[in-house]
Amino acid sequence: MPIALLGIAAFLVGMALGLFFRVFILIPAIVVSVTAIIAFSLQFSMTYGAIILVAAMAVAALQMGYLAGASIAVLTTKSKARKNRSPAAGFFSPSTMEQKRYCPSATCPMSWPKLRMLSVGLKP
């Protein structure tokens, strides 16, 4: 029973990390969790095989929780294309795609003399 609770706790912690952080947060989370598992397992005099299995289960649960949390975070964010889409339009409908052209002054000057001075071509 305590091992199942450890797996559930690792999954929930991974889910919380997936909601708010990037994937690189898993490295310190895995190091901290494996270190804690080894310390507590040695205190309770578990065998090395059991320690490895519990640590592997906790790491896998942490990663699956991160994947679930990151998936929830992606699915719950509203993009501009989703917000402006009409209900009748399909997902790949041209009306759903926002087509703005970003043209900063350094790459797309407004006058031709500037273009010749900067020796920068227009971007298609």
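The values are calculated or read from the model by the stated rules, or taken from the named source; none is laboratory data. Since we're looking at a predicted model, the values are computed, not measured. Here Cβ is always computed from backbone atoms with ideal geometry, including for glycine, and neighbour counts include all displayed protein chains.
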Checklist entry - What is the number of the single condition among (1) surrounded by 13 or more Cβ atoms within 10 Å (Cβ to Cβ); (2) within 19 Å of residue 71 (Cβ to Cβ) that residue 22 does not meet? => result (1)
Item to check | Members of segment 33-44 found to be more than 14 Å from residue 60 (Cα to Cα) and either surrounded by 10 or more Cβ atoms within 10 Å (Cβ to Cβ) or of a type outside the set (S, T, N, Q) (or both), listed by number | outcome: 35, 36, 38, 39, 40, 41, 42, 44
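Determine whether residue 51 is over 17 Å from residue 70 (Cα atoms), out of contact with any Ser or Thr (no Cβ under 9 Å at 6 or more places or on another chain) and surrounded by 15 or more Cβ atoms within 10 Å (Cβ to Cβ).
Details: over 17 Å from residue 70 (Cα atoms): yes; out of contact with any Ser or Thr (no Cβ under 9 Å at 6 or more places or on another chain): no; surrounded by 15 or more Cβ atoms within 10 Å (Cβ to Cβ): yes.
Against the criterion (over 17 Å from residue 70 (Cα atoms), out of contact with any Ser or Thr (no Cβ under 9 Å at 6 or more places or on another chain) and surrounded by 15 or more Cβ atoms within 10 Å (Cβ to Cβ)), residue 51 does not qualify.
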Item to check | Checking residue 76 against (1) polar (S, T, N, Q); (2) at pLDDT 55 or above; (3) surrounded by 12 or more Cβ atoms within 10 Å (Cβ to Cβ), the condition it does not meet | outcome: (3)
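For residue 16, indicate whether it is touching a residue at least 40 places away in the same chain (Cβ under 8 Å) and either in contact with a His (Cβ under 6 Å, 6 or more places away or on another chain) or loosely packed, with under 15 Cβ neighbours inside 10 Å (or both).
Details: touching a residue at least 40 places away in the same chain (Cβ under 8 Å): yes; either in contact with a His (Cβ under 6 Å, 6 or more places away or on another chain) or loosely packed, with under 15 Cβ neighbours inside 10 Å (or both): yes.
Answer is yes for this residue.
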Next on the checklist: Just checking, does segment 84-101 include any residue being out of contact with any helix residue (DSSP H, G or I) (no Cβ under 9 Å at 6 or more places or on another chain), at pLDDT 55 or above, surrounded by 12 or more Cβ atoms within 10 Å (Cβ to Cβ) and not in a loop (DSSP other than H, G, I, E, B)?
Outcome noted: yes
Checklist entry - How many residues are assigned to a helix (DSSP H, G or I), at pLDDT 90 or above, over 21 Å from residue 72 (Cβ atoms) and not small (Gly, Ala, Ser) when one looks only at segment 1-60? => result 19
